[in-house]
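Here the structure comes first, spelled out in structure tokens, and everything after it is commentary.
The values are calculated or read from the model by the stated rules, or taken from the named source; none is laboratory data. All values reported here derive from a predicted model rather than from experimental measurement. When we count neighbours, we look across all protein chains shown, and the Cβ atoms used for this are built from the backbone with ideal geometry, even at glycine.
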Amino acid sequence: MAVEQIYENAVDTPGEKRIIKYVMLPSFAVVLSLGSNRPHAGLPPPAILRAACGRIGLRVWGLQSSSIYLTKPLYYGGQPDFYNLVCCGAFQAESPCGAEAGARELLRFTQSVEAAFGRDRSRETPKGPRSLDIDILLFGGERIQLAELVIPHPGITERAFVLEPLLEILPKSADPITGRKYADFRDSVKNQGVARLEGEKYGRI
């Protein structure tokens, strides 16, 4: 939940009175899903994910990441396997705002990270190969429904490549609207071809 507080302290100085304002910018607990199955600028997909997490960590404090998972394409066949992970942390907005505006700001930021690693939405096949895809899964306990963004992400419970890394780092996580544990959906997606890569355990970025 966004917290915005402005404190005003009167400070007397010779001949004048100054007002000092302290502004606490809102911070939101966020969960992101990252995927890649196309190299960019000489970087293979796993390296893209690592580098993207490094960039995300500049705006998402205390970023923690799952292992990397190798996953079969779910919606569009005939393309290379994907590499996926989930990360979480505290996103701080650049100015005082509510949850909806904060989510829009996060979306703009994640899309700028995608673009930095070669994603061009105007030239790609929907659900097809891409150098980097970032989805916002959760934004605090908020429910957000915009034309360009729906939170909680509607694909969480149908995607093993989201559920497995999500439950690795947040095993007790639950849908903030219904309260149902995400672990309850694990069996329904267990045959989607998702495998954790050994030696790719992340933890805090």
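For the stretch 80-102, the criterion of being assigned to a loop (DSSP other than H, G, I, E, B), at pLDDT 95 or above and either crowded, with 16+ Cβ neighbours inside 10 Å or of a type in the set (Asp, Glu) (or both) is satisfied by at least one residue. The lone criterion from (1) among the aliphatic types (A, V, I, L, M); (2) surrounded by fewer than 17 Cβ atoms within 10 Å (Cβ to Cβ); (3) touching a strand residue (DSSP E or B) at 6+ places or on another chain (Cβ under 6 Å) left unmet by LEU138 is number (2).
Here is a check on your reading of the model: is GLU148 charged (D, E, K, R), surrounded by fewer than 13 Cβ atoms within 10 Å (Cβ to Cβ) and at pLDDT below 95? Talk me through it step by step, then tell me what you get.
Working: charged (D, E, K, R): yes; surrounded by fewer than 13 Cβ atoms within 10 Å (Cβ to Cβ): yes; at pLDDT below 95: yes.
For GLU148, the condition - charged (D, E, K, R), surrounded by fewer than 13 Cβ atoms within 10 Å (Cβ to Cβ) and at pLDDT below 95 - is met.
Residues of the stretch 169-205 that are closer than 14 Å to LEU32 by Cβ and either modelled with pLDDT of 95 or more or among the β-branched types (Val, Ile, Thr) (or both): ILE169, LEU170, SER173, ILE205.
What residue, of LEU137, LEU149, is of a type outside the set (Asp, Glu), without any contact (Cβ under 8 Å) to a residue 60 or more places away in the chain and closer than 21 Å to ILE56 by Cα? If you could, list the steps in order and put the result at the bottom.
On the way: LEU137 fails: without any contact (Cβ under 8 Å) to a residue 60 or more places away in the chain.
Residue meeting the stated conditions: LEU149.
Evaluation of ALA47 against the conditions (1) out of contact with any His (no Cβ under 9 Å at 6 or more places or on another chain); (2) within 22 Å of LEU197 (Cα to Cα); (3) touching a residue at least 12 places away in the same chain (Cβ under 8 Å); (4) not in a strand (DSSP E or B) shows that the sole unmet condition is (3).
Restricting to the stretch 103-135, and then to whatever is under 26 Å from PRO26 (Cβ atoms) and hydrophobic (A, V, I, L, M, F, W, C), can you tell me which residue is surrounded by the fewest Cβ atoms within 10 Å (Cβ to Cβ)? Within the stretch 103-135, the match that is surrounded by the fewest Cβ atoms within 10 Å (Cβ to Cβ) is ALA115.
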